[in-house]
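Some notes on the structure that comes next.
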Amino acid sequence: MAKLPTTSGTRPRGTRAETTEAPATAPQRNKLQETGVSTIDWLDERTSLSAGARWMMFRKIPKGTNWFYTLGSATMFAFLSQAVTGVFLAMYYDPSATRAYESVRFLTNEVFLGEFVRGMHKWGSTVMVILIFLHMARTFFFGAYKYPRELNWVIGVVLLILTLAMSFTGYLLPFDQRSYWATTVGVAINGTGPLVGPYLSDFLRAGPEFGATTLARFYAIHMLLLPGIIAAMIGAHLYLVARLGTTAPPWIRAESSPELREDSK
Amino acid sequence: MPVPDDRKQQPKTTADAKIPGAYEGETVTRRRFMTASAHTAGGIATAAFTLPALGMAFGPVFEKEQVRWEAVGPTEDFPDDTYIPRTITLSPGIGEVGKSTVYVRRYNDTIDSEVKDEYNDYVAITSRCMHLGCPVRYVEASERFICPCHGGVYDREGKVSGGPPVRPLDRFYTRVRDGIVEVGPRYSLNSELRRFSPRDPGQAIDGVGQYLYPSRPSIRKLPGT
Ligand code: HEM
Ligand code: FES
């Protein structure tokens, strides 16, 4: 009954799709497929999202595109994995100075699959940092930061800083000796920035000493503030990728048409 | 030769522009006025929730820490030739995490070069390394404070004798009440053991350092010291 999403132009915007019988349904098209197709059709008729999806997914890519071009997506999947595992860790985590350690211990030792999910988050954070640097190296060595893609490089640098800030704020959360002292040292390093450093470290600690609200502050930054900004930045990054297209590897030369070649005469 | 300005002269008032229903002397069109009002309203609404939220996040930077004095033991507990470690609470209400070790001894004219006043009958030295804040330990045998992190070493007075630390170990004000030694707020010292408002580890205060790392509103040395 339903039709595949039509390309724009076959019917004026805002009009209903025809509901008349489709020509004799092919026997192999079962009920399930019908439902799927008509759902998508229903959505697309109201949102026109398929055009955007096609714009994003069916892009022309340059000759020579290779596996190194997947590093950006790999970084994004590492982030998605962090986001999903993190949300579920947050169901057991308690950001209070007196209970944080115990809540992480409980999550690791008692909760079904807790150790596994925590392990994914913990190792995943390192994987994400490694991937982000590899991706950055790829764009650097392929010269992909040049005109007109400078802004995407800048957004990438912001994403790198945000990712490192995620690692820094996340490291405190298990609240064991290593977390505590690493954060003490990290905040002190941050305080050595001239003029603003001392105020910044007071901001991070919520006061001149590591206090009752420091952990909650790190937690809020780690799980709400930064992931939100990172997600938005990834959106902007990908928009520019689709908008500008990707660069060919530096060893690919543009091919001129044979008649224009000097030696073909 | 000046380039002739061939742009159209903009009419000064809406009446000059022949906009229907224009008032005498009206210079802003109603459409522009409405646009500006809508943007202003949006700006005010955004500021109404953003500013208080930011204020809450940055408030602690300007809030003054309360001065607290904590008893660490009777005067006769503390000799003048070695340190006795005592635990004090730096941040109340968070259990073990808020505690820290101080090294206490009586002021000794032959060792001490810090100027004597009412607040240092007893010398109380922090265990926080002035490189980046790891916990230092006083080693009796070598009469040195030693940091486990990056090899910072301090002499018996807490002055840097080696490694990366940028200034002598911070101290705490002390006073005696009814024969009990009490430890108060922390202060920092430059390499001549002159007092400064407390800085964080890693912040040098010799020379230009004291201006590069200004004292903060949240924590200050006691007035008059
Ligand atoms: C929406 C995103 C995220 C949420 C909700 C989240 C939430 C959490 C929670 C609840 C914990 C404490 C539990 C634990 O220590 O195992 C944690 C720890 C941690 N997070 Fe995240 N996180 C997110 C993303 C990230 C990202 C992107 C990174 C780094 C690239 C990261 C790095 C860390 C690290 C290093 C720890 C300490 C892990 C450990 O030592 O156990 N997180 N996070
Ligand atoms: S923190 Fe003590 S030497 Fe680095």
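The values are calculated or read from the model by the stated rules, or taken from the named source; none is laboratory data. Since we're looking at a predicted model, the values are computed, not measured. Positions of Cβ are backbone-derived with ideal geometry, glycine not excepted, and every protein chain shown enters the neighbour counts. Each accessible area value is taken on the protein alone, full model and side chains, heavy atoms only, with ligands, DNA and RNA left out. Shrake-Rupley method; radii C 1.70, N 1.55, O 1.52, S 1.80 Å.
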Margin query: Suppose accessible area is computed on protein heavy atoms with a 1.4 Å probe; arrange B:K12, B:K116 from highest to lowest.
Written below: B:K12, B:K116
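How large is the translational diffusion coefficient of region B:124-225 in µm² per second when you combine the Kirkwood radius over alpha carbon pairs with Stokes-Einstein at 25 °C and 0.890 mPa s?
Numbers: Rh = 14.0 Å.
In µm²/s, the coefficient rounds to 175.
So how strong a dipole does region B:154-225 carry about its Cα centre when Lys and Arg Cβ are +1 and Asp and Glu Cβ are -1, to the nearest 20 debye? Write out the running numbers ahead of the final one.
Values: 13 positive and 8 negative charges, 42 e Å.
Value, rounded to 20: 200 debye.
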Check: Under 5 Å between amide H atoms, partner at least 5 residues away or on a different chain: which partners does B:G73 have, H built in plane at 1.01 Å?
Finding: B:V181
Check: So what J values fall out for region B:31-43 if you push phi through Karplus, 6.51 cos²θ - 1.76 cosθ + 1.60 with θ = phi - 60°, rounded to Hz, Gly and Pro as x?
Finding: 4, 5, 4, 5, 4, 5, 5, 4, 5, 5, 4, x, x
Margin query: Give me the inter-chain shielding for A:186-199: mean count of other chain Cβ atoms within 10 Å, whole number please.
Written below: 6
Notebook entry, point to check: Where does helix A:100-109 land angle-wise versus the long Cα axis of chain A, in degrees 0 to 90, nearest 10?
Noted result: 60
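What does the charge count near B:E24 come to, summing +1 for each Lys or Arg and -1 for each Asp or Glu among other residues with Cβ under 13 Å from its Cβ?
On the way: positive: B:K12; negative: B:D16, B:E26.
In short, -1.
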Item checked: Under-5 Å amide H pairs with B:S161, H placed in peptide plane, nonlocal only -> B:V153, B:Y154, B:D155
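Could you order A:Y69, A:Y147 by accessible surface area, starting with the largest, using a probe radius of 1.4 Å?
Values: A:Y69 40, A:Y147 185 Å².
Sorted by accessible area, descending: A:Y147, A:Y69.
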Check: By how many degrees, between 0 and 90 and to the nearest 10, does the Cα long axis of helix A:177-191 differ from the longest principal axis of chain A?
Finding: 80
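Would you work out the charge dipole size for chain A about its Cα centre, treating the Cβ of every Lys and Arg as +1 and the Cβ of every Asp and Glu as -1, and quote it to the nearest 20 debye? Working shown, then result.
Values: 25 positive and 18 negative charges, 125 e Å.
I would put it at about 600 debye.
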Margin query: Could you work out the pair-distance distribution P(r) of the protein assembly as shown from its alpha-carbon pairs, with 10 angstrom bin width and percents rounded to whole numbers?
Written below: 3, 13, 17, 17, 16, 13, 9, 7, 4, 1, 0
Note to self: Which one, A:N66, B:S191, B:L90, is farthest towards the positive end of the dipole of the protein assembly as shown when Lys and Arg carry +1 and Asp and Glu -1 on their Cβ?
What the structure shows: A:N66
Next item on the list: Give me the net charge of A:E255's neighbourhood, meaning all other residues with Cβ under 11 Å from the Cβ of A:E255; Lys, Arg count +1, Asp, Glu -1.
Entry: +3
Notebook entry, point to check: Taking a threshold of 19 Å on the Cα-Cα distance, which of the pairs B:K64/B:K221; B:K99/B:K159; B:K64/B:K116 fall above it?
Noted result: B:K99/B:K159; B:K64/B:K116
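Taking each pair of different alpha-carbon atoms in region B:7-63 once, compute 1/r for the pair, average those values, and report the inverse of that mean as the Kirkwood hydrodynamic radius in Å to one decimal. Display every interim value, and only then the final one.
Details: mean 1/r = 0.0683 Å⁻¹.
Hydrodynamic radius (Kirkwood, Cα pairs) of region B:7-63 is 14.6 Å.
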Check: What is the set of long-range amide H partners of A:Y92 at a cut-off below 5 Å, with H atoms built 1.01 Å from backbone N?
Finding: none
Next item on the list: Could you work out the relative contact order of chain B, using alpha carbon pairs under 8 angstrom and six or more residues apart, expressed as a whole percent?
Entry: 16
Notebook entry, point to check: B:E192: accessible area at probe 1.4 Å, nearest 10 Å²?
Noted result: 130
Note to self: Give me the dipole magnitude in Debye, nearest 20, for region B:70-212 about the Cα centre, with unit charges on the beta carbon: positive for Lys and Arg, negative for Asp and Glu.
What the structure shows: 500
Check: Counting other Cβ atoms within 10 Å of each Cβ, which trypsin sites (Lys or Arg not before Pro) in region B:43-103 have at most 15 and sit in a DSSP loop?
Finding: B:K64, B:R68
Next item on the list: Report ³J(HN,Hα) in whole Hz for each residue of region A:75-82, in order, from the Karplus equation J = 6.51 cos²θ - 1.76 cosθ + 1.60 where θ = phi - 60°; Gly and Pro get x.
Entry: 4, 5, 5, 4, 5, 4, 4, 4
